[in-house]
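Read the structure below first, then the notes.
Every read-out reported here was derived from the displayed coordinates using simple, explicitly stated rules and does not represent laboratory data. Quantities reported herein were computed from a predicted structural model and do not represent experimental measurements. Glycine also receives a Cβ, built like all others from the backbone with ideal geometry; neighbour counts cover every protein chain displayed.
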Amino acid sequence: MITVAPTGAESRKSDVPALPVTLEELVRTARDCEAVGASVIHVHLRDDAAEPTLDLGRLTEAVAALRAETGLIVQLSSGGAVTDPEEDRLRVLEAGPDMASCTMGTVNFGDDVFLNRWAFVVELHTRMQDRGIVPEYEIFDLGQLATLRRLLDRHGLPAGGHVHVDLVMGVPGGMPGTVAALAACEAALRDLPEGTTFSATGIGRASLPVLLASLAAGGHLRVGMEDTVTYAKGQPVESNAQLVARASGFARLAQRPPMTADDARALLGIKH
Ligand code: KMH
Ligand code: ZN
């Protein structure tokens, strides 16, 4: 399964002209990425000034457009930008995506703090259960897998019954994007419900090592310009599809060809 995270909340359009920021650019990117092997799209939106936004109207419109124009599983970010208040992040669920991200704890995030209080995590998880939205649990550090275990023990399984985590590796302040860190997470996943799956993404220069390690460890992949804007040394990413195509190529080489969106839906417990 390949997830594309095409935009994020951190890069500026003025610094990265290839970043998709309008709805039209997002939908075109989604189509292009689906054509080369993506099955899930992790969505952050921008406003008319290309600044990050959690505007509910825009989110609802984006979910509808992506459903109309692609077969991708639509996963909205509930993480937003580090400055987004909790109420706005919870409101994202009202846009009715197939999936939403759900981060398992607070982490230093470069010079900033990505705040995820326990009470907030519980609220997000519970609202997703109530709405039948399948979470992707975002893991920025090893201890957040223990937090996930605690969450599931106390508050029950997610909608769909399947547990899927995404290891976000190489954020300054989180775990490094190394084989050793990925192996430690993979070992810790054994304390989670049987059948728990994981994807992994490496930030910046951790992108390729993490991709290769995840493939080798039986994990799924996330790539995209949210996580890296450099394709190779001195070579900016041209498009998200370029990153997805490279990931698909590696996956085929590893004899683990990309899943279709329908297969990914079945794996993740997404009903429609
Ligand atoms: N932009 C980061 C602060 C998520 O999408 O859930 C949070 C993030 C995680 O990207
Ligand atoms: Zn994100």
In percent, what relative contact order does the chain have, based on Cα pairs under 8 Å that are 6 or more apart in sequence? 22
15 Å beta-carbon shell around residue 139, net charge (K/R +1, D/E -1): -3
Using the beta-carbon distance between residue 253 and residue 191 and R0 = 22 Å, what value does 1/(1 + (r/R0)^6) give for FRET efficiency, to the nearest 0.05? 0.10
Out of residues 5 or more away from residue 199 or on other chains, whose amide H comes under 5 Å of its own, with H placed 1.01 Å from N in the peptide plane? 165, 166, 167, 220
Hey, rough spin-label estimate for residue 64 and residue 48, points 7 angstrom out along Cα→Cβ, what's it come to in nanometres? 1.9
Along segment 124-130, Karplus-curve 3J(HN,Hα) (6.51, -1.76, 1.60; θ = phi - 60°) to the nearest Hz, with x for Gly and Pro, reads 5, 4, 5, 5, 5, 4, 4
Out of residues 5 or more away from residue 171 or on other chains, whose amide H comes under 5 Å of its own, with H placed 1.01 Å from N in the peptide plane? 203
Any residue on another chain or 5+ positions along whose placed amide H is under 5 Å from the amide H of residue 230 is listed here as 237
Expected sort for 225-231, 95-101, 105-111, 39-45 on mean C-beta neighbours within 10 Å, highest first, is 39-45, 95-101, 225-231, 105-111
Residue 184 and residue 111 label points (each 7 Å along its Cα→Cβ direction) are spaced in nm at 2.8
In segment 119-202, what chymotrypsin sites (Phe, Trp or Tyr not before Pro) fall in a loop by DSSP, with at most 15 other Cβ atoms inside 10 Å? none
Alpha-carbon Debye profile of the chain, log10 I(q)/I(0) at 0.09, 0.15 Å⁻¹: -0.34, -1.09
State which stretch of the chain is the longest one without any exposed trypsin sites (Lys or Arg not before Pro), exposure meaning a DSSP loop state and at most 14 other Cβ atoms within 10 Å. 118-232
When the helices in the chain are scored as -39500 (n - 2.57) per DSSP H run of 4 or longer and the sum is shared across all residues, what 222 nm value do you end up with, to the nearest 500 deg cm²/dmol? -11500 deg cm²/dmol
³J(HN,Hα) across segment 245-254 via Karplus (A = 6.51, B = -1.76, C = 1.60, θ = phi - 60°), whole Hz, x for Gly/Pro? 4, 5, 5, 4, x, 4, 5, 5, 4, 7
